[in-house]
1. May I ask you to verify whether Phe53 is surrounded by 10 or more Cβ atoms within 10 Å (Cβ to Cβ), over 14 Å from the mean Cα position of the chain (by Cα) and under 24 Å from Gly3 (Cα atoms)?
2. Quickly run through region 100-138 and pick out the residues that are of a type in the set (Val, Ile, Thr) and either farther than 22 Å from Gly3 by Cβ or surrounded by 15 or more Cβ atoms within 10 Å (Cβ to Cβ) (or both).
3. Going by the structure shown, is Gly75 in a loop (DSSP other than H, G, I, E, B), within 15 Å of Thr46 (Cα to Cα) and under 19 Å from the mean Cα position of the chain (by Cα)?
4. Does at least one position in region 62-71 carry a residue that is at negative phi and free of Cβ contacts under 8 Å to residues at least 12 places away in the same chain?
5. Here's a check for you: in region 36-80, which residue that is of a type in the set (A, V, I, L, M, F, W, C) and over 18 Å from Gly104 (Cβ atoms) is modelled with the lowest pLDDT?
6. List every residue pair whose Cβ atoms lie under 8 Å apart, where the two residues are 6 or more positions apart in sequence or sit on different chains, the first residue falls within region 89-111 and is farther than 21 Å from Leu43 by Cα, and the second residue, located anywhere, is among the aromatic types (Phe, Trp, Tyr).
7. Counting only residues that are surrounded by fewer than 19 Cβ atoms within 10 Å (Cβ to Cβ) and hydrophobic (A, V, I, L, M, F, W, C), which one in region 63-99 is nearest to Leu2 (Cα to Cα)?
8. Within the set of pairs 6+ apart or on separate chains, which have a first residue in region 1-25 that is more than 16 Å from His74 (Cβ to Cβ) and without any contact (Cβ under 8 Å) to a residue 12 or more places away in the chain, a second that is aromatic (Phe, Trp, Tyr) and assigned to a helix (DSSP H, G or I), and C-beta atoms under 6 Å apart?
Amino acid sequence: CLGLVQGNHESAITRHYERDIYQEIVKDVKRIGGFSDDTRLDLGYTGWLILRFLRGDESVKHLPSSTIKINLHHGFTGGRLAGGKALSMQRWMWTHDADIVLFGHSHNTATMMEAVEEVTGGASPTVRHVHRYGAYCGSFLRNYTMGAETYSEVKGYFPQPVCGVEIQLRPHAEN
């Protein structure tokens, strides 16, 4: 576990039952994972995860390195159709300098890719496209169970696949 994002369900439990289930989960993940108490895993509703990869032997100075910046957000978009969610993700990807953006909340799974331009070099600059990847992380909430009145049924949600997104990191690859 590299980080935990808080959501509206955890906030509602705290508000209505005076129990901070989010911090309890964070504490237990640290305990089970063997992390020290001062390890920061709790990101709140949104946060950044910066992964730095070194290539080679750690004893060598100036190792080639690669950094992947991930912006995590509980999610804030609603609606039953994909268009509004895609627009929210696209705007976020254009306004946050992240290689990967991950959203939750909407109980759907979707991925998208955008590109932004950047200028590199000094006397003879070059323009290159930098790819940014976004994903709605999916849901493990089963809806439409025969004989049960679930939240999804009450709210009239469309059936959604029960799944998540798999991300393969290639730290030293170009886009």
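1. Answer is yes for this residue.
2. Once the filter is applied, which keeps residues that are of a type in the set (Val, Ile, Thr) and either farther than 22 Å from Gly3 by Cβ or surrounded by 15 or more Cβ atoms within 10 Å (Cβ to Cβ) (or both), region 100-138 yields Ile100, Val101, Thr109, Val116, Val119, Thr120, Thr126, Val127, Val130.
3. Answer is yes for this residue.
4. So far as region 62-71 goes, yes, one or more of its residues are at negative phi and free of Cβ contacts under 8 Å to residues at least 12 places away in the same chain.
5. Val60
6. Here the result reads Asn108/Tyr136; Thr109/Tyr136; Ala110/Tyr136; Thr111/Tyr133; Thr111/Tyr136, each pair linking region 89-111 to a residue that is among the aromatic types (Phe, Trp, Tyr).
7. Ile68
8. Pairs found: none.
The values are calculated or read from the model by the stated rules, or taken from the named source; none is laboratory data. Not measured: the values here are computed from a predicted model. Because the Cβ atoms are built from the backbone with ideal geometry, glycine has one as well, and the counts that use them run over all protein chains shown. When the accessible area is computed, the model is the full protein with side chains, heavy atoms only, and any ligands, DNA or RNA have been set aside. Shrake-Rupley method; radii C 1.70, N 1.55, O 1.52, S 1.80 Å.
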